[in-house]
Structure formats: structure tokens, C-alpha cells
Amino acid sequence: MMRGASRTDWVLFALSGSAVALMLLTLVGILVPVFVEGLPRIDLVFLTAQPSADLVGGGIWPAIFGTTLLTLLMTLAVVPAGVATAIYLTEYAPRRSRLATVVRAAVHNLAGVPSIVFGLFGLGFFVLFVGRGLDALLYDPADGPVWGQPAVLWSSLTLAVLTLPVVIVTTEEALRAVPHDLRLASYGLGATRWQTIAQVVLPNARAGILTGVVLAVSRGAGEVAPIIFTGAANFLPYLPTDLRDMYMHLGYHVFALSTQSPNVDLARPTLFATVAVLLTLTFSLNLVAVVLRARTRSRAHAR
Amino acid sequence: MPADPTHAVAAPAAPVDRDAAPELRMETRGLNVDYGSSRAITDVSLPVLACRVTALIGPSGCGKSTFLRTLNRMNDLVDGVRVEGKVLLDGRDVYGSDVDPVEVRRRVGMVFQRSNPFPKSIFENVAFGLRIAGEKRVNVLAEKVETSLRGAALWDEVKDRLDTSALALSGGQQQRLCIARALAIEPEVVLMDEPASALDPIATARVEELIRELRERYTIVIVTHSMQQAARVSDHTAFFYMGALIEYGETKQIFTKPKKQQTEDYITGRFG
């Protein structure tokens, strides 16, 4: 009896242990070659110069700038929309509300849509429908498209739709974690619903909401599929200065280097160095999220 | 047996010898409250006299807390609550169609069972109600915060650390801070839902002392599960059982000469 139990134990331990080992090995297998091959290529010039026309020489500054700009615009779009939706779902929707149930189901389904589909949606809805629609309304068709072409604005809005579920779900969680007693105290002092939300609920949920934002940003910064059709450029030797400009992007640059480069072997160091920069960016954003979450938790426990 | 005063749980603290004919501050008439399909309060008509402490006593689940929350429309925040009958504040129905519940809660303040200070500084906790009412003048805020903290007998303990977090205070201090916070907006009536049930005996004694001081200026309705407490702090007592008001009267009379058998059974500890 005992022997059988301990053997089962041992087998389960071995199985779960090897699963952990496999996971760690995969991570090491990704990180080691990337940094071993990539790091020697990274210097100040690589981070601040423009790429050469064959993409292999020079630096990746336009891609770093483009990724940052894109992510910033995405954040500006997704945070108000996501937080407002979460506020509606937790604070305004009556319990067992049909609408809230439908919205929650939609949010969860949205999270499961493949990112390439978002790319096509962005092209169809933002570039062709909204962009071309604006052109038809405001400009003479003879001038050619002004808004109705791929641009950093449309890419960032597409990414905002993609990351919306992350922001909504984490914000909802954060709002729910605010103790009910605090809301009662606020209402009991003659606060309106909006005053209670703005002065009590949101300030107390701030760290949790911020975690969601950082998670959305790190997810959005690494996505390539949604921006292929909506604004990312293969090679663009100048920086975008207008919302209607196209831009270079780290993730898309990786794709371009590995598929479009005339000499694949020559492109390898640049490719790996670009991957290393992209990974560093997303990892550090995730780290910020982890730290924020830990701080929220410890504060919740202190109460 | 009820004629024997020594049998009562405790004698009322202060001799009820305050100016004659107290005016009526609040009143319920034929109040029914339903949670979904179950009735929580049945046909309760109860006066709340100005500058008096009214205690609501009764066993758990008898509806005393629900009744309390009906007085300042806190029950509006719970889904599926239906109120019938009248709740009058200075003669006006607080459930009238032209009445804003937010306005009612500014005039009828509330202190909860568990102290619930905001995770803000002591000063900001007390100033909260004033700020949301639109008060921006710094000197007015400072003055009212001090008056309220003095009113809640907390000023001397916290005057040197108004900017520190309210969460660093002891449980008893937090509850007195919540009382100060409720007083700051100068309500006419203060509702207290078992305000001392989570406190140790010393902190409880301080809160009870405070309640006796507050009735000089405020009308207080207090829910308590402790009959001793009701006897110590209140002028009038209402005994609730199964959602109905069984008996209402001067506290001394309720505890020494109850008119109803159920009241007597409860206060002598035969059930509840």
C-alpha cells in the first residue's frame, strides 16, 4: 500500500519536474542564442542610427521610435475605453444585467480572436471604412488618399482593440477588490455614485488598473500581425511626424530581416540584436507589471 | 416580576430629565420593507425624537439593521429592496419622488458596525464629506475638521498627526474617526449600526460616553445587540422581533416594566 503510494508520488514528481525543466530549457534555448549572437552587434550606433537600405547595416532607431510611438498612442486609446467599460460593468450595471453578461462574453471572445484577424479588421474598418470615409467627406478624391491609407494612427487603434480585453478584465478585478465598506462610507457621507467612483473606488484601484495597462502595453508592443496591413513599413529612413505617417516597428523589422533580406547569413547578427532589444523591452514592461502587482497585494494584506 | 427594578439588566445611565416635550425629528408610518419576495420589516410605525438617543434592540435577523438603513435610504444600494409606507424627516417623506437620496444621506449620517476609514490621512477622512459637498476653502475645512474631531473626542489624540494615515489608528480610534467624519457634514440625525461591536471594553466605554455627549446636539438612532449598552446610552428603546416592532417606550420603562411578554422574555434573557 505505502510502497504503491510513494511510487505514484515519485512518478508524479518526475513528470511535473520534467515539465518544469522543459519549460526552463525552452526559455534558455530562446534567450541564449538571441543574446549570444545579438549582444555583440548592439552598440550606441545600432540603437541610434537609421538602417541601411538592405536593412542589415546601420541601426534600428526608427524601429525603436516607431514601436514606442505606436505603443503610446495605443495606450492613450485603450486606457480610457477599457477603464470606462470596466467601470460600467462593476459600478453601474445592475447585478444579473443582460447587457453586462453580453459585454463580458464579448470581451472574453475578443481575447480569443487570432491577432491576424485584428490586422484584417484594422485594415477593413479603420483604414478603408473610417479613413476612406473621412477622405470622401473632407477631401477632393483627385488629391489621393489622406486618411485612407495605412498609418500609425490606424495601427495603434487596431492594437487598442486587441488589448482592450486585458485592460477591461484587470480593471474589473481591481475595482472589485476595493472593499464594499469604503463605498458604503462614501455613500453614507452623501456622495453621489460618480463622486464615490472618482474619489474612493478609482484611487484605491489605481495600482491594479496600472498593472492591466502595463500588461496591455507589453502585449501590444510585441504584436506584429495586427500592424502588417495597417501601417508598419518595411524600410522608412525617416521618423513619423504625423498621425497619418507610416512607421518602422521592432517586431515587424524582425519579420522583414528574416524573410526579406537578400543575404540571410549576413543579416543574422542584426536580426538577433533586434530580437534582443524587443525582448528586453517587453520583459522590462512585464517586470514593471509584476512589481506593481506585488505592491498592490502587500498593501491589500496590510489592511 | 417585571415590577422589580433590580431584575433589569442595567439601569439607564442618565436620569431622563431633559426639557419636556421633545420634538419629533423622524417618524416611520406603516413601514414595510421587502428583500425580493421575503418581508424584512412589517408595518413599523416608530417616532425618532430630536436630541434623544433611540436604541433598536432585538435578536439577530429581527430587522433592526434593515430598519436603520431605511431611514437614510442606504437600502437603495441593495438590489431588490422595496419600501412601502412613509419615512418622514421633519415632516417630509424621504422616499418622496422629488427627494434625492444623496440629500437625505447628507442630513441623516451613518456610522457602521466595522470602522471603515478611507485609506487617506486623518484630516482627509474627516474632510471627505465637506469636500464632496463642494467646500474648498482651506480655513473652513481645517476649522470643521477640528470641531468634528473634538466632537468625537479624538482631537487630543490625533492633533499632532493629522497628516498620517487613518489606518494607523487603533480600532477604537478608527471608529471615533468615523463618527467625526459623519459629524463633519453636520447631519441632523446620526444612525449607528452596532458601532461598538468590534471594540474592546475600554474603547466601547469611550464610544458610549461619546454617544451620551452627542445627544446634546444630535438625534441618534443606534442599533445594538447589547441590552446593557441600550440601557446605558439610550433615552428610548424599540424592541424588534421577526421584522415587527413589538414595543417602544422610554428605556427605563422598557427595561423595568415592559408591557409585552415578548419584550420581557427577551430582556430577561429567555431567548434571543
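Scanning the range A:54-61 for residues that are touching a residue at least 40 places away in the same chain (Cβ under 8 Å), assigned to a helix (DSSP H, G or I) and more than 27 Å from A:Leu215 (Cα to Cα) turns up nothing. In this structure, is A:Val79 part of a helix (DSSP H, G or I) and either open to solvent by less than 50 Å² (accessible area, probe 1.4 Å) or touching a residue at least 40 places away in the same chain (Cβ under 8 Å) (or both)? Here the answer is yes, as A:Val79 does meet what is asked. Just one of the numbered conditions (1) at pLDDT 90 or above; (2) within 14 Å of another protein chain (Cβ to nearest Cβ); (3) surrounded by fewer than 18 Cβ atoms within 10 Å (Cβ to Cβ) is not true of A:Arg95: (1). Taken together, the residues in the range B:41-72 that are crowded, with 20+ Cβ neighbours inside 10 Å and over 14 Å from the mean Cα position of the chain (by Cα) amount to 6. Filter the range A:186-201 for residues that are facing another protein chain (nearest Cβ under 7 Å) and within 35 Å of the chain's Cα centre (by Cα); which is nearest to B:Pro117 (Cα to Cα)? Applying the filter and picking the extreme gives A:Val200. Is it fair to say A:Ala205 is within 12 Å of chain B (Cβ to nearest Cβ), surrounded by fewer than 22 Cβ atoms within 10 Å (Cβ to Cβ) and in a helix (DSSP H, G or I)? Spelling it out, it is not the case that A:Ala205 is within 12 Å of chain B (Cβ to nearest Cβ), surrounded by fewer than 22 Cβ atoms within 10 Å (Cβ to Cβ) and in a helix (DSSP H, G or I). Residues of the range A:1-41 that are free of Cβ contacts under 8 Å to residues at least 60 places away in the same chain and basic (Lys, Arg): A:Arg3, A:Arg7. Can you find a residue in the range B:62-76 that is touching a residue at least 24 places away in the same chain (Cβ under 8 Å), in contact with a strand residue (DSSP E or B) (Cβ under 6 Å, 6 or more places away or on another chain) and part of a strand (DSSP E or B)? So far as the range B:62-76 goes, no, none of its residues is touching a residue at least 24 places away in the same chain (Cβ under 8 Å), in contact with a strand residue (DSSP E or B) (Cβ under 6 Å, 6 or more places away or on another chain) and part of a strand (DSSP E or B). So how many residues does the range B:108-132 have that are more than 8 Å from chain A (Cβ to nearest Cβ), open to solvent by 10 Å² or more (accessible area, probe 1.4 Å) and within 20 Å of the chain's Cα centre (by Cα)? Result for the range B:108-132: 2.
Taking A:Asn234 as the residue in question, decide whether it is within 23 Å of A:Thr270 (Cβ to Cβ) and polar (S, T, N, Q). Judged against the criteria, A:Asn234 is a match. Residues of the range A:149-185 that are within 12 Å of chain B (Cβ to nearest Cβ) and surrounded by fewer than 24 Cβ atoms within 10 Å (Cβ to Cβ): A:Val178, A:Pro179, A:His180, A:Asp181, A:Leu182, A:Arg183, A:Leu184. Does the range B:75-97 contain any residue that is within 24 Å of B:Glu216 (Cβ to Cβ), open to solvent by less than 50 Å² (accessible area, probe 1.4 Å), within 12 Å of chain A (Cβ to nearest Cβ) and modelled with pLDDT under 95? No, the range B:75-97 has no match at all. Taking the criterion of being at pLDDT below 95, surrounded by fewer than 24 Cβ atoms within 10 Å (Cβ to Cβ) and aromatic (Phe, Trp, Tyr), the residues of the range B:213-255 that qualify are B:Tyr218, B:Tyr241.
The values are calculated or read from the model by the stated rules, or taken from the named source; none is laboratory data. Since the structure is predicted, the reported quantities are computational estimates derived from the model, not experimental observations. Glycine also receives a Cβ, built like all others from the backbone with ideal geometry; neighbour counts cover every protein chain displayed. Quick note on the areas: whole protein, heavy atoms, side chains included, nothing else; ligands and nucleic acids left out. Shrake-Rupley method; radii C 1.70, N 1.55, O 1.52, S 1.80 Å.
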